Amino acid sequence: MSDAPIAVIGFRPHTYWTPAVVATGAGDEVEVIERRKLTFATGGERNVFHHAAEAPPAEAPALVERVRAATTANAVADLAGLVADLQNAGFDIAAAVVPTGAGRRPETLEEIVRVHALMHAAEGHFYRDVVAAACETVGLPVVRTPERELAARMAARLGIDQPALDERLKAMGARLGPPWSQDQKLALLAAWLELP
(Lines give C-alpha, C1' and ligand atoms only; values in the text may rest on other atoms or scores of the structure.)
Protein backbone atom coordinates (compact mmCIF):
# COMPACT_ATOMS: atom_id res chain seq x y z
CA MET A 1 0.00 0.00 0.00
CA SER A 2 1.43 3.37 -1.02
CA ASP A 3 1.85 6.22 1.45
CA ALA A 4 1.36 8.75 -1.36
CA PRO A 5 -1.52 11.16 -0.88
CA ILE A 6 -4.64 10.25 -2.84
CA ALA A 7 -5.95 12.55 -5.56
CA VAL A 8 -9.07 12.34 -7.71
CA ILE A 9 -9.65 14.20 -10.99
CA GLY A 10 -13.12 15.55 -11.70
CA PHE A 11 -14.35 16.72 -15.10
CA ARG A 12 -17.34 18.50 -16.63
CA PRO A 13 -17.00 17.97 -20.40
CA HIS A 14 -18.36 20.33 -23.04
CA THR A 15 -18.37 19.90 -26.83
CA TYR A 16 -14.70 20.71 -27.26
CA TRP A 17 -13.10 21.14 -23.82
CA THR A 18 -13.39 20.15 -20.19
CA PRO A 19 -12.26 21.62 -16.92
CA ALA A 20 -10.17 19.20 -14.89
CA VAL A 21 -10.19 19.83 -11.14
CA VAL A 22 -7.89 17.71 -8.98
CA ALA A 23 -8.80 17.27 -5.34
CA THR A 24 -7.11 15.62 -2.37
CA GLY A 25 -8.18 15.17 1.22
CA ALA A 26 -10.58 13.04 3.20
CA GLY A 27 -14.05 13.40 4.66
CA ASP A 28 -15.21 16.98 4.72
CA GLU A 29 -11.66 18.32 4.26
CA VAL A 30 -10.81 18.83 0.63
CA GLU A 31 -8.05 20.73 -1.12
CA VAL A 32 -7.97 21.68 -4.80
CA ILE A 33 -4.43 21.03 -5.98
CA GLU A 34 -4.81 21.65 -9.71
CA ARG A 35 -7.22 23.19 -12.20
CA ARG A 36 -6.72 22.91 -15.94
CA LYS A 37 -8.63 23.33 -19.15
CA LEU A 38 -8.19 20.36 -21.46
CA THR A 39 -9.11 21.08 -25.09
CA PHE A 40 -9.80 18.01 -27.18
CA ALA A 41 -11.65 19.33 -30.23
CA THR A 42 -10.99 22.19 -32.62
CA GLY A 43 -12.63 23.14 -35.90
CA GLY A 44 -14.38 20.19 -37.53
CA GLU A 45 -14.03 18.03 -34.42
CA ARG A 46 -16.54 20.24 -32.62
CA ASN A 47 -20.29 19.62 -32.90
CA VAL A 48 -19.78 16.23 -34.49
CA PHE A 49 -23.45 15.38 -35.06
CA HIS A 50 -24.14 18.75 -36.66
CA HIS A 51 -21.40 17.92 -39.18
CA ALA A 52 -22.77 14.39 -39.59
CA ALA A 53 -26.21 15.81 -40.40
CA GLU A 54 -24.67 17.81 -43.27
CA ALA A 55 -22.61 14.90 -44.62
CA PRO A 56 -23.88 12.39 -47.17
CA PRO A 57 -25.67 9.67 -45.15
CA ALA A 58 -23.25 6.97 -46.30
CA GLU A 59 -20.27 9.00 -45.03
CA ALA A 60 -21.72 10.14 -41.69
CA PRO A 61 -20.82 7.05 -39.58
CA ALA A 62 -17.17 7.19 -40.67
CA LEU A 63 -17.06 10.92 -39.93
CA VAL A 64 -18.33 10.30 -36.38
CA GLU A 65 -15.74 7.57 -35.82
CA ARG A 66 -12.90 9.77 -37.17
CA VAL A 67 -13.94 12.53 -34.77
CA ARG A 68 -14.16 10.05 -31.89
CA ALA A 69 -10.62 8.82 -32.58
CA ALA A 70 -9.20 12.32 -33.03
CA THR A 71 -10.85 13.83 -29.95
CA THR A 72 -9.91 10.86 -27.80
CA ALA A 73 -6.28 11.12 -28.94
CA ASN A 74 -6.27 14.86 -28.19
CA ALA A 75 -7.78 14.29 -24.75
CA VAL A 76 -5.24 11.54 -24.03
CA ALA A 77 -2.36 13.89 -24.90
CA ASP A 78 -3.55 16.64 -22.54
CA LEU A 79 -4.56 14.21 -19.82
CA ALA A 80 -1.25 12.34 -19.92
CA GLY A 81 0.54 15.60 -19.11
CA LEU A 82 -1.74 16.25 -16.14
CA VAL A 83 -1.31 12.70 -14.83
CA ALA A 84 2.48 12.90 -15.17
CA ASP A 85 2.55 16.22 -13.30
CA LEU A 86 0.46 14.78 -10.47
CA GLN A 87 2.55 11.64 -10.22
CA ASN A 88 5.77 13.68 -10.26
CA ALA A 89 4.33 15.73 -7.39
CA GLY A 90 3.89 12.50 -5.42
CA PHE A 91 0.15 11.92 -5.76
CA ASP A 92 -1.55 8.57 -6.29
CA ILE A 93 -4.52 9.15 -8.61
CA ALA A 94 -7.35 6.99 -7.31
CA ALA A 95 -9.97 7.80 -9.93
CA ALA A 96 -11.24 10.07 -12.65
CA VAL A 97 -14.88 11.12 -12.45
CA VAL A 98 -16.69 11.97 -15.68
CA PRO A 99 -20.30 12.90 -14.88
CA THR A 100 -23.09 11.60 -17.06
CA GLY A 101 -25.71 13.88 -18.54
CA ALA A 102 -29.44 13.89 -18.18
CA GLY A 103 -31.84 12.70 -20.78
CA ARG A 104 -32.17 9.75 -23.06
CA ARG A 105 -29.20 8.78 -25.16
CA PRO A 106 -30.31 8.62 -28.81
CA GLU A 107 -29.74 5.13 -30.17
CA THR A 108 -28.94 5.54 -33.86
CA LEU A 109 -27.15 8.09 -35.97
CA GLU A 110 -30.18 8.34 -38.24
CA GLU A 111 -32.35 9.23 -35.24
CA ILE A 112 -29.84 11.80 -33.98
CA VAL A 113 -29.39 13.76 -37.19
CA ARG A 114 -33.15 14.09 -37.83
CA VAL A 115 -33.80 16.30 -34.78
CA HIS A 116 -31.66 19.29 -33.81
CA ALA A 117 -32.29 18.87 -30.08
CA LEU A 118 -31.14 15.25 -30.31
CA MET A 119 -27.89 16.38 -31.95
CA HIS A 120 -27.11 18.50 -28.90
CA ALA A 121 -28.08 15.70 -26.51
CA ALA A 122 -25.99 13.17 -28.43
CA GLU A 123 -22.99 15.51 -28.50
CA GLY A 124 -23.17 15.86 -24.74
CA HIS A 125 -23.00 12.09 -24.36
CA PHE A 126 -20.37 11.77 -27.09
CA TYR A 127 -17.85 14.20 -25.58
CA ARG A 128 -18.36 12.90 -22.05
CA ASP A 129 -17.61 9.44 -23.42
CA VAL A 130 -14.50 10.79 -25.16
CA VAL A 131 -13.15 12.11 -21.84
CA ALA A 132 -13.96 8.81 -20.10
CA ALA A 133 -12.21 6.84 -22.86
CA ALA A 134 -9.15 9.08 -22.59
CA CYS A 135 -9.01 8.48 -18.83
CA GLU A 136 -9.16 4.73 -19.37
CA THR A 137 -6.45 4.95 -22.02
CA VAL A 138 -4.03 6.61 -19.59
CA GLY A 139 -4.83 3.96 -16.97
CA LEU A 140 -7.21 5.82 -14.67
CA PRO A 141 -10.19 4.06 -13.10
CA VAL A 142 -13.30 5.91 -14.33
CA VAL A 143 -16.39 6.64 -12.27
CA ARG A 144 -19.56 7.84 -14.03
CA THR A 145 -21.97 9.72 -11.76
CA PRO A 146 -25.07 11.64 -12.94
CA GLU A 147 -24.18 15.33 -12.91
CA ARG A 148 -27.56 16.36 -11.56
CA GLU A 149 -26.94 14.25 -8.42
CA LEU A 150 -23.51 15.64 -7.49
CA ALA A 151 -24.58 18.51 -5.24
CA ALA A 152 -27.29 16.57 -3.43
CA ARG A 153 -24.98 13.62 -2.81
CA MET A 154 -22.17 15.84 -1.53
CA ALA A 155 -24.50 17.80 0.75
CA ALA A 156 -25.86 14.54 2.18
CA ARG A 157 -22.35 13.19 2.71
CA LEU A 158 -21.36 16.35 4.59
CA GLY A 159 -24.62 16.47 6.53
CA ILE A 160 -25.50 19.95 5.30
CA ASP A 161 -28.15 21.42 3.02
CA GLN A 162 -27.44 22.53 -0.54
CA PRO A 163 -27.39 26.28 0.25
CA ALA A 164 -24.68 25.58 2.85
CA LEU A 165 -22.74 23.56 0.29
CA ASP A 166 -23.09 26.41 -2.21
CA GLU A 167 -21.65 28.82 0.38
CA ARG A 168 -18.76 26.47 1.04
CA LEU A 169 -18.00 26.24 -2.68
CA LYS A 170 -18.24 30.02 -3.01
CA ALA A 171 -15.76 30.47 -0.14
CA MET A 172 -13.38 27.97 -1.75
CA GLY A 173 -13.54 29.93 -4.98
CA ALA A 174 -12.77 33.16 -3.15
CA ARG A 175 -9.62 31.55 -1.72
CA LEU A 176 -8.58 29.91 -4.98
CA GLY A 177 -9.36 32.75 -7.37
CA PRO A 178 -10.40 32.30 -11.00
CA PRO A 179 -11.29 30.22 -12.81
CA TRP A 180 -14.11 29.19 -10.47
CA SER A 181 -17.34 28.92 -12.44
CA GLN A 182 -20.10 26.33 -12.25
CA ASP A 183 -17.86 24.11 -14.39
CA GLN A 184 -15.07 23.99 -11.82
CA LYS A 185 -17.52 23.61 -8.93
CA LEU A 186 -19.20 20.60 -10.51
CA ALA A 187 -15.85 19.06 -11.47
CA LEU A 188 -14.72 19.47 -7.85
CA LEU A 189 -17.91 17.88 -6.51
CA ALA A 190 -17.37 14.94 -8.87
CA ALA A 191 -13.83 14.44 -7.57
CA TRP A 192 -14.67 15.09 -3.91
CA LEU A 193 -17.34 12.38 -3.86
CA GLU A 194 -14.69 9.79 -4.70
CA LEU A 195 -12.21 10.84 -2.02
CA PRO A 196 -12.16 8.65 1.10
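The values are calculated or read from the model by the stated rules, or taken from the named source; none is laboratory data. Keep in mind that this is a model prediction, so the values were computed, not measured. Here Cβ is always computed from backbone atoms with ideal geometry, including for glycine, and neighbour counts include all displayed protein chains.
For the reader, a short list of remarks on this structure follows.
- Condition check for Ala52: modelled with pLDDT of 95 or more and either in contact with an Asp or Glu (Cβ under 6 Å, 6 or more places away or on another chain) or not charged (D, E, K, R) (or both): no
- Scanning the range 60-93 for residues that are within 20 Å of the chain's Cα centre (by Cα) and part of a loop (DSSP other than H, G, I, E, B) gives a single hit, Phe91.
- Among the residues examined, Ala20 does not qualify as closer than 21 Å to Arg144 by Cβ and in a loop (DSSP other than H, G, I, E, B).
- Among the conditions (1) more than 14 Å from the chain's Cα centre (by Cα); (2) in a helix (DSSP H, G or I), Ala7 misses just one, which is (2).
- Residue in the range 20-33 that is modelled with pLDDT of 95 or more and either farther than 30 Å from Ala156 by Cβ or among the charged types (D, E, K, R) (or both) present: yes
- Residues in the range 34-58 that are surrounded by fewer than 18 Cβ atoms within 10 Å (Cβ to Cβ), of a type outside the set (D, E, K, R) and either assigned to a strand (DSSP E or B) or within 14 Å of the chain's Cα centre (by Cα) (or both): 1 in all.
- Flag for Pro196 being in contact (Cβ under 8 Å) with a residue 60 or more places away in the chain, over 17 Å from the mean Cα position of the chain (by Cα) and either outside any helix (DSSP H, G or I) or at positive phi (or both): yes
- Screening the range 10-33 for residues that are more than 11 Å from the chain's Cα centre (by Cα) and among the small types (Gly, Ala, Ser) and picking the one that is nearest to Leu86 (Cα to Cα) gives Ala23.
- When the range 62-120 is limited to residues that are closer than 15 Å to Thr18 by Cα and in contact with a His (Cβ under 9 Å, 6 or more places away or on another chain), the one that is surrounded by the most Cβ atoms within 10 Å (Cβ to Cβ) turns out to be Thr100.
- Pro13 fulfils the conditions (1) under 30 Å from Ala117 (Cα atoms); (2) modelled with pLDDT of 95 or more; (3) in a helix (DSSP H, G or I) except for a single criterion, (3).
- Here Val22 clears all of (1) free of Cβ contacts under 8 Å to residues at least 60 places away in the same chain; (2) touching a strand residue (DSSP E or B) at 6+ places or on another chain (Cβ under 8 Å) except the condition numbered (1).
- From the options Ala171, Ala155, Ala191, Ala187, residue that is in contact with a Leu (Cβ under 8 Å, 6 or more places away or on another chain) and of a type in the set (Gly, Ala, Ser): Ala155
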